[in-house]
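Asks: Below are the structure tokens for one structure; questions will follow.
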Amino acid sequence: MGQEAAGAGVGLSGVAPRLRDLRRRAGLTLEAAARRLQMSPAHLSRLETGQRQPSLPLLLTLARSYGTTVSDLLGETAPEREPVIREGSVEPVEVDGWVYWQAGGPQRAMQALRVHVPPSGPQNELVRSHPGEEWLYVLRGRLRLFLGGVEHHLAVGDSAHYDSLTPHRLGAVSPGGADLLFVHTLLQSHTGDLCLGGADRPFPGAAPRHTDLPEGGTHAS
């Protein structure tokens with residue numbers, strides 16, 4: 001493949017150990033990672049040991065597959081992140097009546113949001129199932145959480161923490177909707193999905209891959 005041509009590669013020795021470390025942190029064997037990348041295990045092994053250098057297009061593919069950036073693979077130092085997010089500094093995003101405010105920094109292992117859930121709408125009927133964990137805390141109103149076929153009602157001050165492979169759905173019980181804090185894990189590659197929001201219009205920064213299931217369905221890998 002043209003992407004694998006050694007002559008078009010980038011000559012940075014630090015890329016090889018970073019590739020190996022990212023694969024191991026993702027819990028992937030050499031064979032499993034090679035299947036995901038649609039290349040041979042032997043070629044991936046040569047990339048990880050520095051015997052071959054990835055071309056720039058292949059470097060982009062590798063970064064996307066491992067849920068990172070080309071800059072990270074190349075060892076570029078990221079600018080210092082601002083740890084404090086001030087009230088009013090983030091513009092809300094609305095999707096089908098759901099309103100989201102970013103409540104955490106970008107490119108973190110977790111994404112934190114403040115969310116308004118409307119009393120009705122198409123998003124209230126979507127059942128999600130995807131790898132990771134989710135945590136939510138009700139700030140205002142009452143929330144309905146369908147989790148693995150069981151319906152839970154949460155009031156102000158109640159919270160929930162669950163494995164998001166369990167099919168789940170959120171909706172507001174209160175006529176005026178409900179407000180909550182929502183935190184979910186961002187996993188490697190395409191599994192770093194956002195539970196909330198439209199399947200065709202994901203929240204900025206979320207990978208646009210959801211498993212939308214009929215209620216009571218099972219997860220499809």
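Asks: I want to confirm something. Restricting to the stretch 119-176 and keeping residues that are among the β-branched types (Val, Ile, Thr) and part of a strand (DSSP E or B), which single residue is nearest to Asp96 (Cα to Cα)?
Replies: Val127
Asks: Here is a further query. Please count how many residues of the stretch 129-145 are under 12 Å from His168 (Cα atoms), open to solvent by less than 40 Å² (accessible area, probe 1.4 Å) and over 21 Å from the mean Cα position of the chain (by Cα).
Replies: The total comes to 0.
Asks: Let me ask something additional. Which one of these is more than 17 Å from the chain's Cα centre (by Cα), hydrophobic (A, V, I, L, M, F, W, C) and at pLDDT below 90: Leu126, Leu180?
Replies: So the residue among Leu126, Leu180 that is more than 17 Å from the chain's Cα centre (by Cα), hydrophobic (A, V, I, L, M, F, W, C) and at pLDDT below 90 is Leu126.
Asks: Another question, then. Counting only residues that are at pLDDT below 90, closer than 18 Å to Glu133 by Cα and open to solvent by less than 20 Å² (accessible area, probe 1.4 Å), how many does the stretch 93-122 have?
Replies: Final tally of qualifying residues: 2.
Asks: Another question, then. Scan the stretch 34-46 and give yes if some residue there is open to solvent by 50 Å² or more (accessible area, probe 1.4 Å), in contact (Cβ under 8 Å) with a residue 40 or more places away in the chain, in a loop (DSSP other than H, G, I, E, B) and polar (S, T, N, Q), otherwise no.
Replies: No: zero hits.
Asks: Consider Gly88 carefully, then state whether it is surrounded by fewer than 16 Cβ atoms within 10 Å (Cβ to Cβ), part of a loop (DSSP other than H, G, I, E, B) and without any contact (Cβ under 8 Å) to a residue 12 or more places away in the chain.
Replies: yes
Asks: Say whether the condition of being in contact (Cβ under 8 Å) with a residue 12 or more places away in the chain, among the acidic types (Asp, Glu) and closer than 26 Å to Arg25 by Cα is met by at least one residue in the stretch 158-165.
Replies: For the stretch 158-165, residues in contact (Cβ under 8 Å) with a residue 12 or more places away in the chain, among the acidic types (Asp, Glu) and closer than 26 Å to Arg25 by Cα: present.
Asks: Within the stretch 49-60, work out how many residues are under 25 Å from the mean Cα position of the chain (by Cα) and either under 18 Å from Glu31 (Cα atoms) or open to solvent by less than 10 Å² (accessible area, probe 1.4 Å) (or both).
Replies: Summing the residues that are under 25 Å from the mean Cα position of the chain (by Cα) and either under 18 Å from Glu31 (Cα atoms) or open to solvent by less than 10 Å² (accessible area, probe 1.4 Å) (or both) in the stretch 49-60 gives 2.
The values are calculated or read from the model by the stated rules, or taken from the named source; none is laboratory data. None of these values were measured; they are calculated from a predicted model. Reconstructed Cβ throughout: ideal geometry from the backbone, glycine too, with neighbour counts over all protein chains shown. Heads up: the accessible areas ignore ligands, DNA and RNA and are worked out on the full protein's heavy atoms, side chains in. Shrake-Rupley method; radii C 1.70, N 1.55, O 1.52, S 1.80 Å.
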